[in-house]
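A.B. asks: Below are the structure tokens for one structure; questions will follow.
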Amino acid sequence: MIDIRDNLYILNTATTTYAFRVMETGHLEHLYYGSKIDIIDEDALVEKHKFQPGNSIAYDEAHPEFTLEDMCLEMSGYGKGDIREPFVELVAADGSSTTDFVFEKATKLQGKVALETLPSSYDAKGEVETLQVVLKDRGNGYTLCLNYYVFVDTDVIARDAKFINTSDEPVRLKRLMSTQLDLNKAGLVITSFHGGWVKEMRKVDTVLKAGKFVNSSYTGTTSNRSNSFIMVSDESTSAEHGDCYGFHLIYSGNHYEAVEVNAYDKTRIVTGINPTGFEFLLKPGDEFEAPEAVMTFSKDGHDGMSRHMHDFINEHIVRGDWKDKERPILLNSWEASYFDISEHSLVKLAKVGKKVGVELFVMDDGWFGERKDDKRALGDWTPNNKKLPGGVAGLCRKINNLGLDFGIWIEPEMVNVDSELYRAHPEWSVDIPGKDHSEGRNQRLLDFANPEVVDYIAQAMINVLSSANISYVKWDMNRIFSDYYSKYLPAERQGEMAHRYMMGVYKLADILTSKFPHILFEGCASGGNRFDLGMLCYFPQIWGSDNTDAISRLAIQDGYSYGYPLNTVTAHVSSCPNHQTLRNTPLATRFAVASFGVLGYETNLCDLDKEELNEIKAQIELYKKYRKTWQFGDFYRVEYGNHVMWNVVSKDKKQAIGILAQKEVMPNEMYACFKAKGLDPDMKYHFTNLKAGYNVKLFGDLINTVAPFHIKQDSLMQNAVAKFVKMPGETEDYICTGGLIMNEGVRLHQSFVGTGYDENVRFFPDYSARLYFMDAVME
């Protein structure tokens, strides 16, 4: 917990220690963040200086022995010798920009207070301790409050900052970071996650020995280009061993993570709101809150860091009625219908969904106004009576009468120029008056920096959600920002627009989730364009990507898993050829990959044959059986490459599910061994796979090597044989200790390599996957 010893502050979690002290100058020197240690004599950690290095700035005449540029600090600004990435930047009324924040007081508090203007983590049990440190700027009298929150149970230290203009003049705040961590070493590996639409969360490692690395977004969202989650680790760190730091930001707008190595081989890490385009005018007495930042450390490599983050998100970010509830299996209408929906077609689709075991039917885009494509009607949130003669309520009743819950799609932040709302209120859109506007997806942003706009949309959404027995909402946001401008704000406050917009989004999310606590809200932004802890404070799950291709999803879901738990990432089984890649993957593979997330289906079930529907029905029954473990168990990455191995383990370690997926067949490579992590090494497990048979068509004309007569491909004869004959699949059935499965692994039946096939050979062509089940043997 928090230990205060004069000018020394020690923050302990279950396995980590974070320490800093107040220097003689009043600045905060960062001393340590790493594995838990007992600090007896703080001087052992204090950096020693006797003579200032050349070509540097001494802080003052009384301390000529050092420069702030060569110190590890808790926060810093420009003007007093530290030329690294600043924590705070501003322009004072006289035009100067020097800041000099020094210690005034510190207070230890029990519990955690929520931020006033932004979402933040929470402490339901009252076990978190808070350290409030107040700094004062010597030159202008500004106040800076640094808050530290100690989450012992999940090994997390969270931080935020508040700037208060306690001077007599206005000030322009140009930057206020949320956290700063200075480390006395260089050559660290920065792991960041990049991509774009339908290619989110691609893991990239960068070794930084000198200079600066920046991971940021200027899209108005967290963005699919660069997620705000990053890791920093030693070059020797692996999945299970070595030092690893993880950083999250509880924010959904433009973010900024910078890592810089200076001339003294010190590494500085800052995270917060992107300072590009940001400026807040603060009059005397005004305050500004920076978002909360989350840090964790593990000596057990990337996996250990991930488990800390997963537990923290599940316990201290996700909240409300759905926090610990198993999430329903849904059927979404989008890829089955796109905009071409009607009450009749939706009910028909839902009926088939009910037969295969789906629990929730979701009507996606196309149900409102004159919405027949993406060029019109956004903002007109009244049902299209031609498509839905009974309105949303009438359709909902029919869906409920089938025994299904009903969900709906909305995009409340957007407006089309071709809409009644835009024609009535063109001043509510984000564009620059008198200048051409650059649109995205044929739509414009509504100005959520304007409270009147937020209030109007809030009432429109309340009207929709109150009109029927709605159990689920998919909240979409299908474009990024352009032409940043708010007609509501004066010219001198346009730098506030992006952040005020985000505050408006949070206000609307808070209004709707508070008024409809029973509704399961799912976030979406063209897939993963706004996947972050800020949205997870309101929406317990987020659509990970518009790409439903199973092979693409292996990389996407693997990337998310480093910073986010499985139950926050939704994944759907869709049609093949896939609508994003035109790739054909087996239905079993699509299910296996999607099951490592919150499972849903997004395909026209009405067009599937009986065999495919029976397979989906069996998949859903299986998922329901293991759903608690899949959604709330501990996730482990075992291997990622041409072969992908993951597994998830129940909290009591009595149940585990694993996946082995293959992207491409390698010739004459028949051997495979399945390993898992996180099992009880002494517990006995029944290790099994699913018994399966395979269509003879998948073997082409090889079938003629065993058939008593010649069978031509794509002939009536082949179709007839395929109806009644299945090629047998392999069976894995063993009793193993957890130690064996983790350390040596289960050696699987050989795969087909062209020299023979029977029930002891694994049929494993391109894009294949197997699920393996490990159930404790109770003696």
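A.B. asks: Name the pairs: first residue in segment 602-619 and without any contact (Cβ under 8 Å) to a residue 40 or more places away in the chain, second residue among the small types (Gly, Ala, Ser) and part of a helix (DSSP H, G or I), Cβ to Cβ under 7 Å, at least 6 apart or on different chains?
C.D. replies: As it stands, the answer is none, since no pair meets every condition given.
A.B. asks: Shifting gears a bit: Is it the case that Lys651 is touching a helix residue (DSSP H, G or I) at 6+ places or on another chain (Cβ under 8 Å), surrounded by fewer than 16 Cβ atoms within 10 Å (Cβ to Cβ) and under 21 Å from Thr737 (Cα atoms)?
C.D. replies: So Lys651 fits the description; yes.
A.B. asks: Select from segment 289-302 the residues that are open to solvent by less than 10 Å² (accessible area, probe 1.4 Å) and part of a strand (DSSP E or B) and list them in ascending order.
C.D. replies: Once the filter is applied, which keeps residues that are open to solvent by less than 10 Å² (accessible area, probe 1.4 Å) and part of a strand (DSSP E or B), segment 289-302 yields Ala293, Val294, Met295, Thr296, Phe297, Ser298.
This table checks each residue for (1) assigned to a strand (DSSP E or B); (2) within 17 Å of the chain's Cα centre (by Cα).
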site: Val232; (1), (2): yes, no
site: Thr271; (1), (2): yes, yes
site: Pro275; (1), (2): no, no
site: Gly304; (1), (2): no, no
site: Phe312; (1), (2): no, yes
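A.B. asks: Does Ser337 meet the test of being within 30 Å of Leu188 (Cβ to Cβ), small (Gly, Ala, Ser), out of contact with any Leu (no Cβ under 6 Å at 6 or more places or on another chain) and in contact (Cβ under 8 Å) with a residue 60 or more places away in the chain?
C.D. replies: Here the answer is no, as Ser337 does not meet what is asked.
A.B. asks: Same structure, new question: Considering segment 537-555 alone, what residues qualify as being surrounded by fewer than 24 Cβ atoms within 10 Å (Cβ to Cβ) and of a type in the set (A, V, I, L, M)?
C.D. replies: Within segment 537-555, Ile551, Leu554, Ala555 meet the criteria.
A.B. asks: Determine whether Asp123 is assigned to a loop (DSSP other than H, G, I, E, B), of a type outside the set (A, V, I, L, M), over 26 Å from Val505 (Cα atoms) and at pLDDT 95 or above.
C.D. replies: No: the conditions fail for Asp123.
Here is a yes/no grid of residues against (1) modelled with pLDDT of 95 or more; (2) surrounded by fewer than 16 Cβ atoms within 10 Å (Cβ to Cβ); (3) in contact with a helix residue (DSSP H, G or I) (Cβ under 7 Å, 6 or more places away or on another chain):
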{"site": "Asn743", "(1), (2), (3)": "yes, yes, no"}
{"site": "Val746", "(1), (2), (3)": "yes, no, no"}
{"site": "Ser751", "(1), (2), (3)": "yes, no, no"}
{"site": "Gly754", "(1), (2), (3)": "no, yes, no"}
{"site": "Tyr757", "(1), (2), (3)": "no, no, no"}
{"site": "Ala769", "(1), (2), (3)": "yes, no, yes"}
{"site": "Phe773", "(1), (2), (3)": "yes, no, no"}
{"site": "Ala776", "(1), (2), (3)": "yes, no, no"}
{"site": "Glu779", "(1), (2), (3)": "no, yes, no"}
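A.B. asks: Yes or no: segment 708-731 includes at least one residue that is under 30 Å from Val569 (Cα atoms) and within 37 Å of the chain's Cα centre (by Cα).
C.D. replies: no
A.B. asks: Test Asn215 against the stated conditions and say whether it is part of a loop (DSSP other than H, G, I, E, B), under 28 Å from Tyr636 (Cβ atoms) and not hydrophobic (A, V, I, L, M, F, W, C).
C.D. replies: The answer is no for Asn215.
A.B. asks: A follow-up question, please. Among Asp558, Asp483, which is the only one that is surrounded by fewer than 24 Cβ atoms within 10 Å (Cβ to Cβ), acidic (Asp, Glu) and more than 17 Å from the chain's Cα centre (by Cα)?
C.D. replies: Checking each option against the conditions leaves just Asp483.
A.B. asks: Based on what the data block shows, is Ser438 of a type in the set (Ser, Thr, Tyr), touching a residue at least 40 places away in the same chain (Cβ under 8 Å), under 30 Å from His499 (Cβ atoms) and surrounded by fewer than 15 Cβ atoms within 10 Å (Cβ to Cβ)?
C.D. replies: For Ser438, the condition - of a type in the set (Ser, Thr, Tyr), touching a residue at least 40 places away in the same chain (Cβ under 8 Å), under 30 Å from His499 (Cβ atoms) and surrounded by fewer than 15 Cβ atoms within 10 Å (Cβ to Cβ) - is met.
A.B. asks: How about segment 581-610: which of its residues are among the polar types (S, T, N, Q) and more than 21 Å from the chain's Cα centre (by Cα)?
C.D. replies: Residues satisfying the conditions are Thr581, Asn584, Thr585, Thr589, Thr603, Asn604.
A.B. asks: Just to be sure, is Lys375 over 25 Å from Gly528 (Cβ atoms), open to solvent by 60 Å² or more (accessible area, probe 1.4 Å), modelled with pLDDT of 95 or more and not β-branched (Val, Ile, Thr)?
C.D. replies: Against the criterion (over 25 Å from Gly528 (Cβ atoms), open to solvent by 60 Å² or more (accessible area, probe 1.4 Å), modelled with pLDDT of 95 or more and not β-branched (Val, Ile, Thr)), Lys375 does not qualify.
A.B. asks: Against the condition hydrophobic (A, V, I, L, M, F, W, C), outside any strand (DSSP E or B), at pLDDT 90 or above and surrounded by 16 or more Cβ atoms within 10 Å (Cβ to Cβ), how does Ala676 come out, does it pass?
C.D. replies: yes
A.B. asks: Check whether at least one residue in segment 97-119 is under 32 Å from the mean Cα position of the chain (by Cα) and free of Cβ contacts under 8 Å to residues at least 12 places away in the same chain, and report yes or no.
C.D. replies: yes
A.B. asks: Tell me, yes or no, whether segment 148-163 has at least one residue that is part of a strand (DSSP E or B) and basic (Lys, Arg).
C.D. replies: The answer is yes; a qualifying residue exists.
A.B. asks: Considering each of Tyr245, Tyr251, Tyr338 in turn, give the residue that is modelled with pLDDT of 95 or more and in contact with a Pro (Cβ under 6 Å, 6 or more places away or on another chain).
C.D. replies: Tyr251
A.B. asks: Any residue at all in segment 611-623 that is under 20 Å from the mean Cα position of the chain (by Cα) and either open to solvent by less than 40 Å² (accessible area, probe 1.4 Å) or more than 30 Å from Met295 (Cβ to Cβ) (or both)?
C.D. replies: no
Table: residues versus (1) among the hydroxyl-bearing types (Ser, Thr, Tyr); (2) surrounded by fewer than 17 Cβ atoms within 10 Å (Cβ to Cβ).
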residue	(1), (2)
Pro426	no, yes
Ser429	yes, no
Ile432	no, yes
Leu465	no, no
Trp475	no, no
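A.B. asks: Output yes when any residue across segment 68-89 is open to solvent by 30 Å² or more (accessible area, probe 1.4 Å), part of a strand (DSSP E or B) and either at positive phi or not acidic (Asp, Glu) (or both), and no when none is.
C.D. replies: No, the conditions are met nowhere in segment 68-89.
A.B. asks: Return yes or no: is Arg444 at pLDDT 95 or above, open to solvent by 20 Å² or more (accessible area, probe 1.4 Å) and part of a strand (DSSP E or B)?
C.D. replies: Criteria met by Arg444.
A.B. asks: Here's something else I'd like to know. Among Thr237, Thr221, Thr166, Thr191, which is under 23 Å from His302 (Cα atoms), touching a residue at least 60 places away in the same chain (Cβ under 8 Å) and in a loop (DSSP other than H, G, I, E, B)?
C.D. replies: Selected residue: Thr237, the only one of Thr237, Thr221, Thr166, Thr191 that is under 23 Å from His302 (Cα atoms), touching a residue at least 60 places away in the same chain (Cβ under 8 Å) and in a loop (DSSP other than H, G, I, E, B).
A.B. asks: Going through Asp123, Asp160 one at a time, which residue ends up being in contact (Cβ under 8 Å) with a residue 24 or more places away in the chain, out of contact with any helix residue (DSSP H, G or I) (no Cβ under 6 Å at 6 or more places or on another chain) and within 24 Å of Gly495 (Cα to Cα)?
C.D. replies: Of the residues listed, the single one that is in contact (Cβ under 8 Å) with a residue 24 or more places away in the chain, out of contact with any helix residue (DSSP H, G or I) (no Cβ under 6 Å at 6 or more places or on another chain) and within 24 Å of Gly495 (Cα to Cα) is Asp160.
Results for (1) part of a strand (DSSP E or B); (2) in contact (Cβ under 8 Å) with a residue 40 or more places away in the chain; (3) touching a strand residue (DSSP E or B) at 6+ places or on another chain (Cβ under 8 Å); (4) not aromatic (Phe, Trp, Tyr), shown as yes or no for each residue.
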site	(1), (2), (3), (4)
Lys697	no, no, no, yes
Ile703	no, no, no, yes
His710	no, no, no, yes
Gln713	no, no, no, yes
Asn719	no, no, no, yes
Thr731	no, yes, yes, yes
Ile735	yes, yes, yes, yes
Gly756	no, no, no, yes
Asp766	no, yes, yes, yes
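A.B. asks: Still on this model: Provide a single number: the residues in segment 93-120 that are assigned to a loop (DSSP other than H, G, I, E, B), among the hydrophobic types (A, V, I, L, M, F, W, C), surrounded by 14 or more Cβ atoms within 10 Å (Cβ to Cβ) and touching a Phe, Trp or Tyr at 6+ places or on another chain (Cβ under 9 Å).
C.D. replies: Counting residues in segment 93-120 that are assigned to a loop (DSSP other than H, G, I, E, B), among the hydrophobic types (A, V, I, L, M, F, W, C), surrounded by 14 or more Cβ atoms within 10 Å (Cβ to Cβ) and touching a Phe, Trp or Tyr at 6+ places or on another chain (Cβ under 9 Å) gives 1.
The values are calculated or read from the model by the stated rules, or taken from the named source; none is laboratory data. Just so you know, these numbers come straight off a predicted model, no measurement behind them. Virtual Cβ from ideal backbone geometry, glycine too; neighbours counted across all protein chains shown. Areas reflect the complete protein model, heavy atoms only, side chains present, ligands, DNA and RNA absent. Shrake-Rupley method; radii C 1.70, N 1.55, O 1.52, S 1.80 Å.
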